[in-house]
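The values are calculated or read from the model by the stated rules, or taken from the named source; none is laboratory data. In this text, all values refer to a predicted model and were calculated from it rather than measured experimentally. So basically every Cβ, Gly included, is an ideal-geometry build from the backbone, and we count neighbours across all protein chains shown.
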Amino acid sequence: MERIDKDLAFMLRYENVAWYEDGKVRILDRRIYPTKVLFVTCISHKEVAKAIADMVTQSAGPYTAAGMGMALAAYECRDLRKEEQINYLNDAAYTLSHARPTTVPRMTLVVNGCLEVVKEAMDSDLRIDEEIFKHTINSMNRRYSKIGEVANYLVDMFPKNGNVMTQCFGETIIGMMLKEAKKRNKTVKFFCPETRPFLQGARLTASVIHDQGFDVTVITDNMPAITMQTKNIDLFTSAADSICIDGHIVNKVGTMQIAIAAKYFSVPYFVTGIPDRDTIDKVKIEERNPKEVLEFRGIKNTLDGVKAYYPAFDITPPHLISGVVTDKGIYSAYDLKNYFSKQVDNYW
């Protein structure tokens, strides 16, 4: 199998996202990368779910971690009777898919794909954990390949020499768009808002962009408007945790305010990803522990008694979106139903 992660940055290579081996799952700790390169080792699927909830891995990382967690769950219940194994794995699937509320629909697709592998493995007397592991690697390869098709359409929008602003950490699309831009000899400079409170933009997006050989500048989260005004930003792009069929997109909090600034300064905003069939009313916005806003890496920034509010995501309405870039082309946010008029391949 040709691995699509070839030539991508360190943290996008499969082994460095999440990896199952010898009854353990190893996950790169993105909370501290690149200051330190450390991995969290999980010895149970519940520990994998906790790592997902605790933001050890973010963006598309939880989808891989969930698949590897299902392989670990199969290892945990390997000595049970078949019926008990199925019950155990169904429970594990629920635990992993519900680790973070906003991503439940996509995570459910991930674990359901693993459960289908369980039935096939049992019927063929194969090791279930190994088959789920293989399935997860194949899923990653399909996802990277599919997002590579998205990247083709996105890079069409990049000028030959230009400035692009990102938001948070889009994981696969970041790596694949850089790979495609380099292939086309496009000289693009990137501006990355830092993305408080975990600084995914500063630590992760900027690291990947630098690692893959592009010019990158980090700005704080209150600088996008002035940066658009003074640095000739040609395009704003982000991925999305959910692209709802009614044209609303859910992404890391701060996306909406950058989209508003982009609209004001006539900078096109292209969101990337595969649309969901759900409407925005089905999405639950996760509110995380406000303590994460009051401190960073264990250092408290406020006096005792000061309060904080931390919605992890916000909702950008369709009128602020110039186009939704998919593997089938670029759609209007008002026309996403047409995406499903053609065959949709499952890459989970």
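Is there a residue in region 102-122 that is at pLDDT 95 or above, among the hydroxyl-bearing types (Ser, Thr, Tyr), in contact with a strand residue (DSSP E or B) (Cβ under 8 Å, 6 or more places away or on another chain) and outside the structural domain of Pro197 (by TED's automatic domain parsing)?
Checked region 102-122: no residue is at pLDDT 95 or above, among the hydroxyl-bearing types (Ser, Thr, Tyr), in contact with a strand residue (DSSP E or B) (Cβ under 8 Å, 6 or more places away or on another chain) and outside the structural domain of Pro197 (by TED's automatic domain parsing).
Could you check region 96-113 and list, in sequence order, the residues that are part of a helix (DSSP H, G or I) and either aliphatic (A, V, I, L, M) or in contact with a His (Cβ under 9 Å, 6 or more places away or on another chain) (or both)?
Within region 96-113, Leu96, Val104, Met107, Thr108, Leu109, Val110, Val111, Gly113 qualify.
Go through (1) free of Cβ contacts under 8 Å to residues at least 24 places away in the same chain; (2) part of a helix (DSSP H, G or I) and name the single condition Tyr339 misses.
For Tyr339, the exception is condition (1).
Between Tyr144, Tyr153, which is farther than 30 Å from Met223 by Cα, aromatic (Phe, Trp, Tyr) and either crowded, with 23+ Cβ neighbours inside 10 Å or within 22 Å of the chain's Cα centre (by Cα) (or both)?
Exactly one of Tyr144, Tyr153 is farther than 30 Å from Met223 by Cα, aromatic (Phe, Trp, Tyr) and either crowded, with 23+ Cβ neighbours inside 10 Å or within 22 Å of the chain's Cα centre (by Cα) (or both), namely Tyr144.
What about Ile330, is it at pLDDT 95 or above, in a strand (DSSP E or B), β-branched (Val, Ile, Thr) and surrounded by fewer than 21 Cβ atoms within 10 Å (Cβ to Cβ)?
Taking the combined requirement at face value, the residue satisfies it.
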